[in-house]
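Asker: Before we start, here is the structure in question, set down as structure tokens.
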Amino acid sequence: MLDGQAHAARALWNLLHEYFTFRQGRFASLKECDEAIRAARKEIDWLGRLPAQAAQAVLKTYRQAWANFFNPGHPAGRPAFKARLRSRMAVDVPQARDLQIKRVNRRWGAVNLPKAGRARFRWTKDLPGVTLGGPAGRITGARLVKDAFGWSIVFRTDTVVASPARHAGPEVGIDRGVKVALALSDGTSREHGPWLSAGERQRLRRLEKKAARQKEARHKAAGVTERSRAKRLIRTYDQIRRLRAIAKRRAVDWQHQTTTELARTFSVIKVEDLRITNMIRSAKGTVEVPGKNVAAKAGLNRAISEQAWGRTVTLLEYKSWDRGGRVVKVCAPGTSQTCHRCGRREAANRETRAVFACKNPACGWIGHADTNAAINIANADGTPVSGRGDLGATRSAKRQPPRAA
């Protein structure tokens with residue numbers, strides 16, 4: 001039932017996007033979109049699977065997506081259609097009055113879900129207004145999200161938080177890398193091993209090869225055989241998805257633990273203001289001008305994506321703010337080629353990927369390249385950011401205000 005509601009929510013988003021943007025010269029108003037949703041729910045049976053409140057939440061989220069796009073300080077792109085296999089399945093429960101949350105025992109709780117009835121969920125955190133002795137506040141809604149492990153429920157809460165006291169710790173610069181995950185200006189580093197064990201990586205490789213064979217065989221089949229082969233391919237994809245979800249959970253767990261430790265220790269954390277989307281762009285080029293070292297660049301792009309640099313900064317932002325600290329973004333060019341001691345910038349200073357050797361005869365400093373970059377970041381001036389992003393951003397050229405009706 002939840003799968004059906006999630007697919008209906010995704011389809012409703014796509015219908016809203018088409019209805020909202022097909023007009024010449026103006027966007028549809030909120031009232032027009034609301035009337036269109038009500039009419040569609042009466043005329044299309046499968047849209048009725050989605051609760052009315054969840055349908056209104058889709059409209060609210062869609063309108064907010066456009067507001068984020070036109071906000072000059074928000075990194076969101078233009079809203080687009082959601083593909084079935086590429087979008088995350090989710091259902092909103094915007095009102096908390098009907099949830100009827102109850103704790104069954106130490107590990108489990110129960111909740112009422114619209115059109116699905118009573119369901120049990122794993123209790124992992126104290127909820128305001130429900131847990132005895134828990135934080136003061138209330139629950140305002142919930143969101144159901146599906147991943148490779150099944151459905152999860154996330155509760156939205158409203159709590160009163162006192163303004164944090166000013167952090168009295170030292171400052172630090174952090175250089176994010178591929179070989180060394182986080183290099184600090186104090187000479188230390190924060191590293192991790194592979195997210196999957198050797199056996200899990202071998203199994204993932206076998207499953208990827210198996211999926212490639214099944215996909216090729218599926219195109220050669222016909223009729224009933226084709227349908228059975230498609231089901232086998234879907235089962236293989238599910239196994240691959242589960243292994244990748246395990247790796248992501250381990251990565252997020254490491255990032256949470258590491259960023260919490262950094263936010264507790266340092267009052268000001270300086271990081272490079274990287275354009276990660278541009279850094280992981282493909283090097284294939286065009287037919288007329290083909291790219292060079294395409295395979296090597298693709299491997300580097302995968303390594304950067306696995307590190308999830310942007311998520312690390314996002315976690316640092318709100319955790320530092322909660323503890324009275326702040327995150328500062330500094331300009332990235334030259335931090336890895338400039339000697340922090342004499343200030344001489346030269347590409348030849350990087351003798352190898354890991355060793356920095358200053359070519360200035362009067363200096364001659366030699367050390368770890370990532371540590372040198374982190375010290376340069378710590379010494380640079382930048383723009384303070386909060387948990388919601390860059391405070392000093394300017395309007396992007398592509399984010400222009402909507403045309404008047």
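The values are calculated or read from the model by the stated rules, or taken from the named source; none is laboratory data. Please read these numbers as outputs of a predicted model, since none were measured by experiment. Quick reminder, even Gly has a Cβ in these numbers, built from the backbone with ideal geometry, and neighbours come from all protein chains shown.
Asker: Can you name every one of the strands (runs of 3 or more DSSP E) wholly within region 80-149 that holds 3 or more residues which are over 25 Å from the mean Cα position of the chain (by Cα)?
Answerer: 108-113, 117-122
Asker: Filter region 333-359 for residues that are surrounded by fewer than 19 Cβ atoms within 10 Å (Cβ to Cβ) and either of a type in the set (Val, Ile, Thr) or under 23 Å from the mean Cα position of the chain (by Cα) (or both); which is modelled with the lowest pLDDT?
Answerer: Result: Thr352.
Asker: Checking the condition exposed (fewer than 14 other Cβ atoms within 10 Å of the Cβ), more than 18 Å from the chain's Cα centre (by Cα) and under 30 Å from Ser163 (Cα atoms), which residue from Glu261, Glu288, Glu272 passes?
Answerer: From the options Glu261, Glu288, Glu272, the qualifying one is Glu261.
Asker: Would region 80-93 turn up any residue that is in contact with a Ser or Thr (Cβ under 8 Å, 6 or more places away or on another chain) and either crowded, with 16+ Cβ neighbours inside 10 Å or farther than 30 Å from Ile234 by Cα (or both)?
Answerer: So far as region 80-93 goes, yes, one or more of its residues are in contact with a Ser or Thr (Cβ under 8 Å, 6 or more places away or on another chain) and either crowded, with 16+ Cβ neighbours inside 10 Å or farther than 30 Å from Ile234 by Cα (or both).
Asker: Same structure again: So which residues in region 51-82 are more than 23 Å from Val93 (Cβ to Cβ), among the small types (Gly, Ala, Ser) and out of contact with any strand residue (DSSP E or B) (no Cβ under 7 Å at 6 or more places or on another chain)?
Answerer: Ala76, Gly77, Ala80
Asker: On to the next question. Just need a number here: residues in region 98-131 that are of a type in the set (Lys, Arg), more than 27 Å from Gly4 (Cα to Cα) and either surrounded by 12 or more Cβ atoms within 10 Å (Cβ to Cβ) or in contact with a helix residue (DSSP H, G or I) (Cβ under 9 Å, 6 or more places away or on another chain) (or both).
Answerer: The total comes to 1.
Asker: Scanning region 19-50 for residues that are under 22 Å from Val93 (Cβ atoms) and touching a Lys or Arg at 6+ places or on another chain (Cβ under 7 Å), which turns out surrounded by the fewest Cβ atoms within 10 Å (Cβ to Cβ)?
Answerer: The selected residue is Leu30.
Asker: Here's a follow-up. Given the conditions (1) within 20 Å of Tyr19 (Cβ to Cβ); (2) at pLDDT 90 or above, report the number of the one that Ser87 does not fulfil.
Answerer: Of the numbered conditions (1) within 20 Å of Tyr19 (Cβ to Cβ); (2) at pLDDT 90 or above, the odd one out for Ser87 is (2).
Asker: Suppose the filter is touching a Gly at 6+ places or on another chain (Cβ under 6 Å), part of a strand (DSSP E or B), modelled with pLDDT of 90 or more and outside the structural domain of Ile246 (by TED's automatic domain parsing); does Phe155 pass it?
Answerer: The answer is no for Phe155.
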